[in-house]
């Protein structure tokens, strides 16, 4: 899953794709480089980021979605927690709603997903971007992630979303300090108990600094590659990345190792 941030304040790329033409060209190149999905977002959700009004988010993402219609043949995901934004994005061709709040920030969103028969990514999180680190208290990270996501799956199904339309995400870096995130990643296989596809997004994230030191986001390629490899080997089905060209190679090799290890069982 290639990441297209249409924001002025993205932690990972500094807002280089705020221009719609640049974002469209970037998404098309990602597909050419091997991306199987494209994830478009119009609001930075990094820790401490301010909320963006729905009309501004729509202003950012609408021309990109319009520009990609008929030009890419892979599924497009909209990274939003707002019902109004998701509704319009689905009108413009998106088929997946990637929600960092697992349908908890905007209670209308579940109804939109169900009515439009979209797929949905339920990401583990606590609190909002401005205060999520205040919620980073765990006794046993993996077990709590599984417990919380199981509850969110129940809520989604109660809202009319079919179970087979649900994807889960451990939320690396969200309401988790570096030590929590490394523990969540190391125990990613625990999410198999939910019997849903697993999306994992370690790419360029700040938790990597605990191992790499104070390395800027754009220079965390090799650290990201290590985390991506671990995610694949531990059972992730979808890997969300910024660096598609390089990570396609990493993922394909890691996946062959994973498949070969099963053959030995």
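The values are calculated or read from the model by the stated rules, or taken from the named source; none is laboratory data. Please read all numbers here as calculations on a predicted model, not as lab measurements. Cβ sites come from the backbone with ideal geometry, for glycine too, and all protein chains shown count toward neighbours.
Look at segment 12-36: where a residue is on the phi > 0 side of the Ramachandran plot and surrounded by fewer than 17 Cβ atoms within 10 Å (Cβ to Cβ) and a partner is outside any loop (DSSP other than H, G, I, E, B) and at pLDDT 90 or above, sitting 6+ places away or on another chain with Cβ atoms under 7 Å, you get 34/244; 34/248. Checking 118, 114, 151 one by one, the residue that is at pLDDT 95 or above and surrounded by fewer than 17 Cβ atoms within 10 Å (Cβ to Cβ) is 151 and no other.
Among the residues of segment 226-265, those identified as in a helix (DSSP H, G or I) and touching a residue at least 60 places away in the same chain (Cβ under 8 Å) are 244, 245, 248. From the list 78, 61, the lone residue that is assigned to a helix (DSSP H, G or I) and crowded, with 21+ Cβ neighbours inside 10 Å is 61.
For segment 43-62, the criterion of being in contact with a strand residue (DSSP E or B) (Cβ under 6 Å, 6 or more places away or on another chain), farther than 19 Å from residue 124 by Cβ and in contact (Cβ under 8 Å) with a residue 40 or more places away in the chain is satisfied by at least one residue. Just one residue in the set 236, 159, 227, 184 is within 22 Å of residue 77 (Cβ to Cβ) and touching a strand residue (DSSP E or B) at 6+ places or on another chain (Cβ under 8 Å); that residue is 236. Scanning segment 233-265 for residues that are within 15 Å of the chain's Cα centre (by Cα), crowded, with 16+ Cβ neighbours inside 10 Å and under 21 Å from residue 194 (Cα atoms) turns up 236, 238, 239, 240.
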